[in-house]
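Undergrad: Just passing along the structure, written as structure tokens.
The values are calculated or read from the model by the stated rules, or taken from the named source; none is laboratory data. Computed from a predicted model, the values in this text were never measured in an experiment. Glycine gets a Cβ as well: all are built from the backbone with ideal geometry, and neighbour counts include every protein chain shown.
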Amino acid sequence: MNIEEMKTAHKTLKHWSYDWKPLHRGYTDKVLYINVSDNEIREKAVPAGMKEKFIGGKGYGLRLLWDATRPYTKWDDPENEINICSGPIGGITQYSGAGKSICVSISPQTNIPIDSNVGGFFGPFLKFSGFDALELQGKAENDIMIYIDGVNHTVEIFEAPLEPMDSHELVEILTDMFADDDKDKKNIAVVSTGKAAEHSIFGMLNFSFYDPKRKKVRLKQAGRGGIGTVFRNKKIKAIVCKIPGVKGNLNDVEDLQAIMERGKTFNKEMRELDDDQAEMRTKGTAHLVNIMNDYDLLPVHNYKFGSHPEADAIHGDVWKARFTQGIPDGCWIGCNMACAKGVDNYLVRTGPYAGQKVIVDGPEYENAGGLGSNCGIFNPDYVIEANFYCDTYGICTITWGTLLAFVMECYENGILNEERTGGLKLNFGNADSAMELLHQLAKGEGFGLIAGQATRKMKKIFIEKGWGDPDFLQDIGMENKGLEYSEYVSKESLAQQGGFAMTNKGPQHDEAWLIFMDMVNNQIPTFEDKAEALHYFPMFRTWFGLVGLCKLPWNDVEPENNAETDEPAKVPEHVDNYVTIYTAVTGKPFSKEEMITQSERVYNFQRIFNLRRGYGMRANDAQPYRAAGPVTNEEYESREERYDKQMKELIGVDPEGKSTTEKNAIMRKYREEQYELLLDAVYQRRGWTKDGVPKISHLKKLGMDLPELIEIVEKYQ
């Protein structure tokens, strides 16, 4: 079927024109509101109070979602929203990593707000089209598309029955459909998902960007929490945004020269230091595989182990050899980090696209660790192909890798068998069955539908059917709040255990990655030190999501003298860059202290949002024991020398003469007590009660004593 036939089948449901005004100091001060139930399209002004307290990005997304939903709104209710927002810095091209936006919705996995950051062109293009945020609500009757025309300043909703569903096909078709010619393709951005999002609760969104060197449309993912599932539940097939082009100072910043100077310095660091530090330009985040394996931090066999003899097969150098080199792999214009690596002309071996050559974005570290080592599959071709199908089918690679590892451990323990899986042998290392399960999910068939319910619901299903011991399933099911863990072994880092399980949305490493500070370098030995780190770093990282920045240029390449600074983990020179850039964009006075305060306001708002929905308490910050220590005797014995030493030196118990079962029980009691003490320390540092509720006095200090927040938290003081 050709593009003209697809266009002919479009049925316009609404056409709306708007008055466009250029940005001023990084803002348009307007929200584009679309309700696909009744095809309402309108412009909403951003109130001054919202701009002051919520800044942009994640803050705007959460505020809009709060106002639009009720405490009992379900993820598949029409009133649930998908909000896509950049921030005031988003869209500048003079400093690396300024193309990020945040997607916010009530999550099908967690039943609380999820925020997921994403690169690609859509966030900046939305701003340049005249809107700080897109607020999507309602549920269409038939498959629709939304077209935001930032050239002619119109928005259109139309039925789109014929376009394919899977992202790698759809984005190419829509880019061709809406571009005037080949040169215009770089001005098109598409948001889409894939067919598996309809059969799972962890569907993700793909954001496109056109790669002029490859002459291909590529994808970045808002992966976490099932926003793609919400997208398809609303019957949205795609959102397309078109602009006249990117040049000059579209954000209308206050001081462009200051941004350019900081950008020039950082670009020099990338050129001169990256090859000796993180190798982002040649390996992307995949360089982490061998580092994690060396430090016993690479997830293997559902986080049982932290390393494996076959890990060299998915080593960073393996990915470097597969990635096309010498191409500026930025997912936003002007980013010199160039970490959006890709495998070109990959010959697909299985599934509906077998025999076709495709471009695969990544694999990134999370995909190598989750799809690969965590499932005991040390086959780079499998990882690449699974990565491709997860992306085009529209499912989160982190969630898929972690839940598949859980399924495999259940299979190896007799909780699952071939009869229960429909004939699939889902033991660790079985790449063929793992790939078949992925295709089943996309088709909505067989055990794929069970896997599509994710780890928390699978545990419930297995328990109800009497297939396994509830305590064991709880221990090995690597989820918190309903969201699967990302791909790091946290057993030996108490701070990282908190960095995962204490997150507002669920265990994602974008809030705090403290393993090296805590475990390797021993920089935060006391509970007070850990609490300070679990205050500062989540707040600091939250700020990136408020303003439209990627975190990777912050610390994945550091200034040459960074180790000599007072606080090298914070990379103070780069923090100063961000302070300067924020002021240069907005024209507002700013400091590194105000940066943390801005984030604290939004972070506490999100905590109270969880509370409003019946969560947000200490009980919700509990972790599966596999995240803290050895569940099985096999795990204990794999590190027996380490654990016996800890038992003697830290717990004060002589392990001599004790069975592994006895030692494991002693170790568990100690580690669970340590985690509870960590919660106490972190809650106190964050200004929360011992049950994890923000104190009214703390909200007043932050200027967040809003009546609607006080009404909720005062019940728990």
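Undergrad: Answer yes or no as to whether Gly123 is at pLDDT 95 or above and within 24 Å of the chain's Cα centre (by Cα).
TA: Yes; evaluated as a whole, the condition is true for this residue.
Undergrad: Scan segment 450-466 and report the pairs whose first residue is more than 12 Å from Thr399 (Cβ to Cβ) and whose second residue is modelled with pLDDT under 95 and basic (Lys, Arg), with Cβ atoms within less than 7 Å and a gap of 6+ or a chain change.
TA: Final answer for the pair search is none.
Undergrad: Is at least one residue of segment 123-130 surrounded by fewer than 24 Cβ atoms within 10 Å (Cβ to Cβ) and closer than 25 Å to Phe609 by Cα?
TA: Checking segment 123-130: not a single residue is surrounded by fewer than 24 Cβ atoms within 10 Å (Cβ to Cβ) and closer than 25 Å to Phe609 by Cα.
Undergrad: Working only within segment 648-701, note down all residues that are among the hydroxyl-bearing types (Ser, Thr, Tyr) and more than 34 Å from the chain's Cα centre (by Cα).
TA: Within segment 648-701, Ser659, Thr660, Thr661 qualify.
Undergrad: Further question: When segment 529-549 is examined, which residues are found to be in a loop (DSSP other than H, G, I, E, B) and either out of contact with any Ser or Thr (no Cβ under 8 Å at 6 or more places or on another chain) or not assigned by TED's automatic domain parsing to the domain that holds Trp688 (or both)?
TA: Within segment 529-549, Leu549 is the sole residue that qualifies.
Undergrad: Would you pick out the residues in segment 401-420 that are buried (at least 24 other Cβ atoms within 10 Å of the Cβ) and among the aromatic types (Phe, Trp, Tyr)?
TA: Phe406
Undergrad: For segment 519-528, give me each residue that is in a helix (DSSP H, G or I) and among the hydrophobic types (A, V, I, L, M, F, W, C).
TA: Once the filter is applied, which keeps residues that are in a helix (DSSP H, G or I) and among the hydrophobic types (A, V, I, L, M, F, W, C), segment 519-528 yields Met519, Val520, Phe527.
Undergrad: Also, I was wondering about something else. Could you tell me whether segment 394-416 includes any residue that is over 20 Å from Asn302 (Cα atoms) and in the same structural domain as Ile291 (by TED's automatic domain parsing)?
TA: Yes, segment 394-416 contains a residue that is over 20 Å from Asn302 (Cα atoms) and in the same structural domain as Ile291 (by TED's automatic domain parsing).
Undergrad: On the given criteria, is Leu256 over 22 Å from the mean Cα position of the chain (by Cα) and at negative phi?
TA: Here the answer is yes, as Leu256 does meet what is asked.
Undergrad: If Val318 satisfies every condition in (1) closer than 27 Å to Asp475 by Cα; (2) surrounded by fewer than 23 Cβ atoms within 10 Å (Cβ to Cβ); (3) not acidic (Asp, Glu) but one, which is the exception?
TA: (1)
Undergrad: Next question. For segment 563-570, indicate whether the set of residues that are touching a residue at least 24 places away in the same chain (Cβ under 8 Å), not polar (S, T, N, Q) and not assigned by TED's automatic domain parsing to the domain that holds Cys85 is non-empty.
TA: yes
Undergrad: Determine whether segment 335-351 contains at least one residue that is small (Gly, Ala, Ser), crowded, with 20+ Cβ neighbours inside 10 Å and in contact with a Leu (Cβ under 8 Å, 6 or more places away or on another chain).
TA: No: segment 335-351 contains no residue that is small (Gly, Ala, Ser), crowded, with 20+ Cβ neighbours inside 10 Å and in contact with a Leu (Cβ under 8 Å, 6 or more places away or on another chain).
Undergrad: Moving to a separate point now. Given segment 438-518, what helices (runs of 4 or more DSSP H) lie entirely inside it while holding 1 or more residues that are among the basic types (Lys, Arg), in the same structural domain as Leu404 (by TED's automatic domain parsing) and surrounded by fewer than 24 Cβ atoms within 10 Å (Cβ to Cβ)?
TA: Filter on segment 438-518 gives 454-464.
Undergrad: Residues that are under 25 Å from Met435 (Cα atoms): list the helices (runs of 4 or more DSSP H) wholly contained in segment 272-350 that include at least 3 such residues.
TA: Ranges flagged: 288-294, 316-322.
Undergrad: Return the total of residues in segment 2-61 being in contact (Cβ under 8 Å) with a residue 12 or more places away in the chain, out of contact with any helix residue (DSSP H, G or I) (no Cβ under 8 Å at 6 or more places or on another chain) and in a helix (DSSP H, G or I).
TA: 3
Undergrad: Which pairs have Cβ atoms under 7 Å, sit 6 or more apart or on different chains, and link a residue in segment 382-400 that is in contact (Cβ under 8 Å) with a residue 40 or more places away in the chain and crowded, with 24+ Cβ neighbours inside 10 Å to one that is in a helix (DSSP H, G or I) and among the acidic types (Asp, Glu)?
TA: Going by the 7 Å Cβ cut-off, the qualifying pairs are Thr397/Glu366; Ile398/Glu366.
Undergrad: On to the next question. Pick from Pro470, Pro507, Pro538: which is closer than 30 Å to Asn413 by Cα, touching a residue at least 12 places away in the same chain (Cβ under 8 Å) and out of contact with any His (no Cβ under 8 Å at 6 or more places or on another chain)?
TA: Pro507
Undergrad: Ok, one more. (1) over 25 Å from His199 (Cβ atoms); (2) surrounded by fewer than 23 Cβ atoms within 10 Å (Cβ to Cβ); (3) among the polar types (S, T, N, Q): which one isn't true of Ser373, the others all being true?
TA: Among (1) over 25 Å from His199 (Cβ atoms); (2) surrounded by fewer than 23 Cβ atoms within 10 Å (Cβ to Cβ); (3) among the polar types (S, T, N, Q), the lone unmet condition for Ser373 is (2).
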